[in-house]
1. Starting from residues that are over 12 Å from the mean Cα position of the chain (by Cα) and hydrophobic (A, V, I, L, M, F, W, C), keep the ones in the stretch 54-83 and report whichever is nearest to G16 (Cα to Cα).
2. Restrict the check to the stretch 63-79 and report whether at least one residue is open to solvent by 80 Å² or more (accessible area, probe 1.4 Å) and among the charged types (D, E, K, R).
3. Pick out, from the chain, the helices (runs of 4 or more DSSP H) lying fully within it that include 2 or more residues that are among the aliphatic types (A, V, I, L, M) and in contact with a helix residue (DSSP H, G or I) (Cβ under 7 Å, 6 or more places away or on another chain).
4. If I ask for residues that are under 21 Å from D15 (Cα atoms) and open to solvent by 70 Å² or more (accessible area, probe 1.4 Å), which ones from the stretch 25-50 would you list?
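The values are calculated or read from the model by the stated rules, or taken from the named source; none is laboratory data. Computed from a predicted model, the values in this text were never measured in an experiment. Glycine gets a Cβ as well: all are built from the backbone with ideal geometry, and neighbour counts include every protein chain shown. For the accessible areas, the whole protein counts, side chains as well, though only heavy atoms, and no ligand, DNA or RNA atoms are used. Shrake-Rupley method; radii C 1.70, N 1.55, O 1.52, S 1.80 Å.
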Amino acid sequence: MLAGRGARLGAVIIDGILLMFLLGPVMFVGGYFAAVMEAAQRGEQVGFGVILIWALIAFAVFVVLQAWPLHASGQTWGKRLLQIK
């Protein structure tokens with residue numbers, strides 16, 4: 001039996017939280033937060049190139065994070081934690 005919308009939403013939220021906890025420190029050490037604060041103090045926004053690079057890094061981290069459980073069982077960590085089929 002397939003999972004309902006609520007269970008799938010919960011799994012996506014868990015996956016997002018896992019990504020946030022992994023990517024947050026990487027972004028801090030990588031200087032993204034400092035660049036955002038510096039741009040905000042000047043009254044500007046961070047450049048599109050910086051955002052694009054960090055989006056690609058976030059996607060790569062997500063792929064690496066989810067590669068093993070998707071390969072092993074076809075489920076992300078959130079689905080595995082909630083036992084969704």
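1. Pass one, the stretch 54-83, residues over 12 Å from the mean Cα position of the chain (by Cα): 67-83.
Still in the list and also hydrophobic (A, V, I, L, M, F, W, C): 67-68, 70, 72, 77, 81-82.
Numbers: A67: 15, W68: 17, L70: 16, A72: 20, W77: 10, L81: 13, L82: 14 Å.
Within the stretch 54-83, the match that is nearest to G16 (Cα to Cα) is W77.
2. Looking through the stretch 63-79, none of the residues is open to solvent by 80 Å² or more (accessible area, probe 1.4 Å) and among the charged types (D, E, K, R).
3. On the way: elements: 5-30, 32-41, 48-73, 77-82.
Fully inside the chain and qualifying: 5-30, 48-73, 77-82.
4. To start, the set of residues in the stretch 25-50 that are under 21 Å from D15 (Cα atoms) comprises 25-28.
Residues satisfying the conditions are P25, F28.
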